[in-house]
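One structure is given below, encoded as structure tokens.
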Amino acid sequence: MAAVLLPSPRDRILEAALTLLEAGGVDAVSTRTVSAAAHVQPPTIYRQFGDMQGLLNAVASAGFASYLQAKAARVGTGDPVEELRKGWNRHVEFGLSHPHLYTLMYGRLRPGEESPAALEAAAMLQALMGRVAEAGRLAVDVERAAAMIHASAVGVTLVLLRAPERDDGLAERMREAVLGAVLTPEGDAVGDPGKQQAAAHAVALIALLPTLPAALTEAERTLLLEWLKRLT
């Protein structure tokens, strides 16, 4: 008969802390409640995670893992702009479905801090914005676009979580407003189409520059990058 592998103390602590967090928020996650739910002694928590903030960081990463895996599975297929819309929707839906976990990740941080799970999600967004740029659909540089998408998605989700009554159309309107600011228009362009086209091509070349053969010297690449950024 094969031996049955029991969950390790670390896994039991993470599962207990995540369950407590989802049920009652961060205030429900304490050394006493976690150790009792995980059937471990309190010092075990500190040996495994260093301190309670280390445990909370691990809980956020563990709770976000399934979302990140599903999101990663969708990156690299189809139209990157459509992926961006779907990714925005999944982000907001995740926050509204897991309010305490989402608030731990994005709503309780001090200036200059970001949770490890949030950093991983941001890296995936940056990669997707690079694909949008390579497709010639980005009107601003990748870093600026990713920052705008991230800030607006997190902001609207936190607003909806805190609102006494949710505006069901707010997230979609915010999404389209921000996409309109970072993407080149489809169909008949409004404004100066030549300038918009030049900016889109410049952003696309900036995104592709690191992958191009080393035909340019470092100084030439730096100068080209400076010129391209003037067009965006």
Filtered residues of segment 114-135 (kept if surrounded by 15 or more Cβ atoms within 10 Å (Cβ to Cβ) and outside any helix (DSSP H, G or I)): 115, 135
Can you go through 84, 96 and tell me which one is more than 28 Å from residue 164 (Cβ to Cβ) and either outside any helix (DSSP H, G or I) or at pLDDT 90 or above (or both)? 84
Which residues, taken from segment 34-48, are over 30 Å from the mean Cα position of the chain (by Cα), β-branched (Val, Ile, Thr) and within 23 Å of residue 100 (Cβ to Cβ)? 40
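The values are calculated or read from the model by the stated rules, or taken from the named source; none is laboratory data. All values reported here derive from a predicted model rather than from experimental measurement. All Cβ positions, glycine included, derive from the backbone under ideal geometry; neighbour counts span all protein chains shown.
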